[in-house]
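To start, the structure under review is shown below, and the notes come after it.
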Amino acid sequence: MDIIGAILWPIKWAIELILVSFHSLFSLIFSDPLGANAGAVWVLSIVGLVLVVRAALIPVFVKQIKSQRNMIVMQPELAKLQKKYKGKTDRESREKFAAEQMALYKKTGSNPLSSCLPLLLQMPIFGGLFLTLNDAQHKTAGVAFMTKDLAGSFSEATLFGAKLSETFLTASTTAVQIMAAVMVVVMTGTQFITQRQIMAKNQNPDVQNSQYMQTQKILLYVFPVLFMISGVSFPLAVMFYWLTSNFWTMGQQYLVIRNMPTPGSIAARQRDERLAKKGKLPQPSAEKAIEEEPPVSTQRTQPEGKKRSKKKKK
């Protein structure tokens, strides 16, 4: 066993446990789970695996959203810091800039890598699934629950005439190529739409031209291109996993943007309009109203003396 295999062994063990458990469940529903309906059973099992994985990542997603908001809030302060050290290339200035930048991240509770965190956490799972299905494709038993019989069932399973174990590059029939091409396009499209809906509705206009937002705009196009290039080498079963995960992300993102939008964004204005129509828009608290009132002057008016008063009359 190589190093990567040793690292992914516990992940493959967990994947096989979840996958085979769902396979046993759906096998009770279909009349021929190892024959004509094997493709549908395996696809539904993969969908079940996605639901378990993404549900487990919900706390990470919530943390990601909070960190992204903090990143947006801190952009004006970060711009001031960058302006302060602009043109200063000496070592001392660079060290001071780095230290103050890290202090700003810590103060606001933000992390520049937060947007990639769920994706990074999914990559080992994705790799473990790829290796699990790759072994099954060659009718090789897995590390625990994927027996040789189940591996053989997966290897021969078809959906709409396309084998789940084949890729666009290794397609033996036109049906496989068509299905793979459609799935790659849909997978790329859902990835783009998910990121686009964040930038279009859930960003504060004041930070649209910040360095952080410029980086996000680049990633908006980079990630879909990477998916399109790599997708042609994914087995159909793996693409079903990633496509289902993308749809989950779209739905999850929609709910977050609708109910917990970034302050100052288009989504926040739309949410306030909905709440106002229902009469549920929160009113400013009494304490806040008092704070916003102009301070009353407490300076004592000095009484004028008699002589000064007479001079004014004259």
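The values are calculated or read from the model by the stated rules, or taken from the named source; none is laboratory data. What you see is a predicted model; the values in this text were computed from it and never measured. Virtual Cβ from ideal backbone geometry, glycine too; neighbours counted across all protein chains shown.
So the values come out like this:
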item	result
Residue tally, condition within 30 Å of residue 158 (Cβ to Cβ), in a helix (DSSP H, G or I) and in contact (Cβ under 8 Å) with a residue 24 or more places away in the chain, over the stretch 228-287	17
Test result for residue 205, surrounded by 20 or more Cβ atoms within 10 Å (Cβ to Cβ) and either in the same structural domain as residue 258 (by TED's automatic domain parsing) or at pLDDT below 80 (or both)	no
Filter result for residue 97 (at pLDDT below 85 and more than 23 Å from the chain's Cα centre (by Cα))	yes
